[in-house]
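Here's the structure, in structure tokens; my notes come after.
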Amino acid sequence: MNRYIYGLAGMALGAALIFQYAIGLRFGWISPLIGLLFALLVLCARYFPVGTRLGKVEFEVSDLAILMALVLGGPLSGFMAAVPGAVYRDRQRTIFQSASYALQVLAASLVLEAAAGPLLLSPLEFGTTYVVGLLGASAAMYVVESLSGYALLRIKYGTPLEEWMREILAPDTPSQAALLATALLTSYATVWLGPVAAIALFSGAAFALGMVRFIRDQKDKAETLQREIQALREERDGLQTSGIVFAAKMVEKIGSRDGLTHLIAAASAVYAEDLAREFRLEEEKVKKIKLAALLQDVGKVSLPDEVLLADPEKLTPEERARLAEHPTHAEEILGSIPGYQEAARWVRWHHERIDGKGYPDGLRGEWIPLEAKILAAASRYASTVLGRRRGEDDGLMLEGARKELIGACGGELDGVVVRTLLRIIERGGEEYALGRGERFSFGLASAEQGGGSAKDGPGLRLISGGGGS
């Protein structure tokens, strides 16, 4: 490959010397100016790609700029325009591209000189002779570029001729046709409007094409980013769903041991949801509060039966300390679910008290978030109602539950939250106050899973969350 690249460079140098000796570089004052203008355009195209897709191949304005510099100002202009497109950090690639461009410009110049000569260095005439010369120059550039490129592919990768013609040469035909058509139109405009107007139109069209490509690329990037975001959301939702279902199954397991935890969790979730809506919290937070209430006692899964099933008043200090750890265990479980770190902190503090005598952190008053106060009040009321003594009259039990809530104001529970809950209970009727009905069935509302579709498990139903009472 090295021998081929350096051999191609030697061939280009030899061809340039022969061309200079036989024909000479014919140019006037306008040639360097034309070359410089098109070189600037090619340089801009390197850092701000200008082109469009035709078939499977990109039609690059830089290729057209080199051809136009050649046909307008002659070989010197073509060489100048090609320089920015030939320079790369890799030395071998720079040598190869420089040699390829030099051979293309020399071959095209030879054909053009034989037919009509550069447009701005000859009488301004757009006729059959010039069109033939332009067609020949374009074909010469295309043939030299194709052959030099194929030879490199053959040496470097062993690409068969048939594969090169099918995969590279044939798909490139539309872009070459577009390049030739644009060159003809620009040449025609040069004759009829003048060089300055033609170059201005050419540059303006290139800029417009660049903007179209830029907008298209930005749109493609935005669509790709949107797809990636959607994939991440789906992955997050899948992790949320699996984590939440797993936690719910643990709560259900606890309920199978004491016969009560999962029922209290279901009722707490309903009351907490309605409390959150009564406080006009945003819907996303309402959903998280409901789910936090449903799973707030998941930390009890690690408690032994002698602690879980015993009367809290009869626990030893060590057992009471063990029980007091369940909010932190619940926080660890919920905190591992993506998007529920904040809800996990509410769960950690649902046993904190307004007077500062709660656990695990001994928070007091306003230091306790409203969401944790809602969980505490909903859980306390649900525990009172569902933990009633067997055979107790509904009316007496409800009256006692209301008195307990009121008595807990300012010490255990927040007074504003308690009064709001009592108002909701009064408005909901007796069945609601007793924690009965479809809404109080233990399950996960699909809304709390970000629209996920968790599978129903044994004893675990997915039910729709209700609105207010």
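All C-alpha pair distances within the range 139-182, sorted into 5 Å bins from zero, spread as 5, 21, 29, 24, 12, 6, 2 percent across the bins.
If you take the Cα centroid of the range 82-131 and the Cα centroid of the range 265-341, the two points sit 78 Å apart. Between Arg419 and Val131, the contour length at 0.36 nm per residue exceeds the Cα-Cα span by 94.5 nm. In the range 243-449, taking the dipole from charged Cβ atoms about the Cα centre, the farthest positive-side position among Ala272, Ala292, Pro317 is held by Ala272. Here the simple spin-label model places points 7 Å from the Cα toward Cβ, and for Leu40 and Ser336 these points are separated by 6.4 nm.
Only Cα pairs under 8 Å and 6+ residues apart enter the sum, and on that basis the relative contact order of the range 243-379 stands at 24 percent. Entry note, the range 2-193: relative contact order of 24 percent, from Cα contacts under 8 Å with a spacing of 6+ residues. Using R0 = 60 Å, the C-beta based FRET efficiency linking Leu33 and Glu284 works out to 0.40. Going from the residue with the fewest nearby Cβ atoms within 10 Å to the one with the most, Phe79, Phe38 rank Phe79, Phe38. In this rough spin-label picture, where each label sits 7 Å from Cα along the Cβ direction, the Tyr47-Ala310 distance is 7.7 nm.
Residues of the range 274-305 with amide nitrogen under 20 Å from the 7 Å Cα-to-Cβ point of Glu438? Within reach of a label on Glu438: 274, 291. Counting neighbouring beta carbons within 10 Å and listing from fewest to most, the residues Lys403, Lys288 come out as Lys403, Lys288. The ranking of Met250, Met397, Met165 by Cβ neighbour count inside 10 Å, starting from the fewest, reads Met165, Met397, Met250. The Rg/Rh ratio for the range 2-193 is 0.96, where Rg is the radius of gyration of the alpha carbons and Rh is the Kirkwood radius. What the Cβ-Cβ distance of Glu430 and Glu167 gives, at R0 = 51 Å and to the nearest 0.05, is a FRET efficiency of 0.05. Using the Cβ-Cβ distance between Glu318 and Asp258 with R0 = 25 Å, the FRET efficiency computed as 1/(1 + (r/R0)^6) comes to roughly 0.80. Peptides 270-278, 127-135, ordered by how many other C-beta atoms sit within 10 Å of their residues on average, highest first, read 270-278, 127-135.
Read-outs: derived from the displayed coordinates by stated rules, not from any lab. Predicted model only: the values in this text are computed from it and were never measured. As a convention, Cβ positions derive from the backbone with ideal geometry for all residues, glycine included, and neighbour counts pool all protein chains shown.
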